[in-house]
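Before any comments, here is the structure.
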Amino acid sequence: PRESQEMVFDAHDKAFAFFRGTCQRGIYDNMRTAVDVVGVGRERQFNRRFLQMCSHYLVEPTACTPASGWEKGQVENQVGLVRNRFFKPRLKFASLHDMNGWLLEQCVLYARSHPHPERRDCPVWEMFEQERPALVPYVGTFDGFNARTSAVSKTCLVAYDKNRYSVMAQAVGRPVEVHAYAERILIRQDGQVVGEHPRCFGREQIVYDPWHYVPVLARKPGALRNGAPFKGWVLPGALGRVQGRLRGSADGDRQMVAILQAVSLDGLPAVEAACAEALAAGLCSSDVVLNALSRQRPATTPPDIATPDALRLRHEPIADCARYDTLRSQSHGTTSGAGADERAQAGGHESRL
């Protein structure tokens, strides 16, 4: 990968962590990742983020004079020497991580087995151990990222360094802040992380996280089988076995989407446990899995509400079923008396006739 600011930060941190200390003064070429303006003589305007890194490690930055190669301590010659020493013939590695690990091991072996140029009776590694206490103590990793604001496309993708990375579906329509580290991409919106991926160093590549697109499946469950983010998606454990069982049913995609959406509420371990319980019972449907999941949730009791003194009852009601019988007898007597009066009135009308 090319020299970018986050790569410079990562190189400093890995070196200082290995040395278990930092130098008091650092001599830098006038690279754009460190120097914004080159003035007259040694006048320099360093980059704000670069100064933050130097302040974190307590390193005093010093810039070289332009066109004065002798001030850089023959760094270019040392790079060529290391290339000839360790990379001839040309080697192949599966990843940059493997190459860096191998190179570190070879450098340590060389330092342990070769004498120091000034102290021929002492290996380079032993001299380094003697000088290590003179270093400034290592205070930990500097949060070295390159920040950039970016827009989110309708397909939940954010572009950075000629590649695209997925974010959560709810982030669509608003800008996000991309924090680019040497080995990962972190995407935030309103302070919340909406996407995190290993960094891709190719070109025109798309890095998906299928979980970002699960809310979209509620409208388009068929995308679980044919959508680009879900191609080659292997679900873990019992969840994957449930998907295999549901794949043959007519509404299997819709049932699987309902199970996947429960992950955002209850977490992946709880959903896997519910799927395992359903499979052990010989049943495989979204209703069974969601029912098992609901039974796993801890019972919640409503909070007690403090009643103000002004609303307290002075005479609390007493349950007495005999009062109901009394009311019935009173109602029956009133109804009977009203019927006798009506009959008496009817008889009087007949006598007059």
(message) Can you find, within region 134-158, the residue that is farthest from the chain's Cα centre (by Cα) among those that are open to solvent by 50 Å² or more (accessible area, probe 1.4 Å) and among the β-branched types (Val, Ile, Thr)?
(response) 139
(message) Quick check on my filter: what residues within region 75-92 are of a type in the set (Lys, Arg) and in a loop (DSSP other than H, G, I, E, B)?
(response) 88, 90, 92
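For region 55-63, state whether one or more residues are in a loop (DSSP other than H, G, I, E, B), in contact (Cβ under 8 Å) with a residue 24 or more places away in the chain and more than 16 Å from residue 17 (Cα to Cα). Walk me through how you get there before you give the answer.
Going residue by residue through region 55-63, those that are in a loop (DSSP other than H, G, I, E, B) are 58-59.
Filter again for in contact (Cβ under 8 Å) with a residue 24 or more places away in the chain, leaving 58-59.
So of that shortlist, the ones also more than 16 Å from residue 17 (Cα to Cα) come out as none.
No, the conditions are met nowhere in region 55-63.
With the condition kept exactly as written, say whether any residue in region 300-318 is assigned to a helix (DSSP H, G or I) and surrounded by 10 or more Cβ atoms within 10 Å (Cβ to Cβ). Can you show your working first?
At the first step, the residues of region 300-318 found to be assigned to a helix (DSSP H, G or I) are 309-311.
Retained after the next criterion (residues that are surrounded by 10 or more Cβ atoms within 10 Å (Cβ to Cβ)): none.
No, region 300-318 contains no residue that is assigned to a helix (DSSP H, G or I) and surrounded by 10 or more Cβ atoms within 10 Å (Cβ to Cβ).
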(request) Report yes if residue 271 is under 21 Å from residue 224 (Cα atoms), of a type outside the set (Asp, Glu) and free of Cβ contacts under 8 Å to residues at least 24 places away in the same chain, otherwise no. (result) no
(request) Looking at (1) closer than 18 Å to residue 156 by Cα; (2) open to solvent by less than 60 Å² (accessible area, probe 1.4 Å), find the lone condition where residue 261 falls short. (result) (2)
(request) Please list, ordered by first then second residue, the pairs with beta carbon atoms under 6 Å, 6 or more apart or interchain, first in region 103-116 and within 23 Å of residue 14 (Cα to Cα), second at pLDDT 90 or above and not in a helix (DSSP H, G or I). (result) 112/123
(request) Considering only residues that are open to solvent by less than 100 Å² (accessible area, probe 1.4 Å) and of a type in the set (Asp, Glu), look in region 319-353 and name the one that is modelled with the lowest pLDDT. (result) 341
(message) I'd like to verify a number: residues in region 11-62 that are more than 28 Å from the chain's Cα centre (by Cα), under 20 Å from residue 181 (Cβ atoms) and either exposed (fewer than 12 other Cβ atoms within 10 Å of the Cβ) or small (Gly, Ala, Ser) (or both), how many?
(response) 3
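Which one is farthest from residue 193 (Cα to Cα), of the residues in region 164-182 that are out of contact with any strand residue (DSSP E or B) (no Cβ under 7 Å at 6 or more places or on another chain) and not aromatic (Phe, Trp, Tyr)? Write out each step before concluding.
Initial filter on region 164-182 (out of contact with any strand residue (DSSP E or B) (no Cβ under 7 Å at 6 or more places or on another chain)): 169-170, 172-173, 181-182.
This time we only want the ones that are not aromatic (Phe, Trp, Tyr), so: 169-170, 172-173, 182.
On the way: 169: 12, 170: 12, 172: 14, 173: 16, 182: 18 Å.
Once the filter is applied, the top-ranked residue is 182.
Just to check your reading of the model, which residue among 183, 177, 131 is open to solvent by 50 Å² or more (accessible area, probe 1.4 Å), charged (D, E, K, R), more than 18 Å from the chain's Cα centre (by Cα) and at pLDDT 90 or above?
Values: 183 fails: more than 18 Å from the chain's Cα centre (by Cα); 177 fails: more than 18 Å from the chain's Cα centre (by Cα).
Within the list 183, 177, 131, the selection yields 131.
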(request) Could you tell me whether any residue of region 272-294 is loosely packed, with under 11 Cβ neighbours inside 10 Å and either β-branched (Val, Ile, Thr) or in contact with a Cys (Cβ under 9 Å, 6 or more places away or on another chain) (or both)? (result) no
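The values are calculated or read from the model by the stated rules, or taken from the named source; none is laboratory data. Here the structure is a predicted model, which means the values were calculated and not measured. Heads up, the Cβs are rebuilt from the backbone with ideal geometry, glycines too, and the neighbour counts pull from every protein chain shown. What goes into the accessible areas is simple: the full protein's heavy atoms, side chains included, and nothing from ligands, DNA or RNA. Shrake-Rupley method; radii C 1.70, N 1.55, O 1.52, S 1.80 Å.
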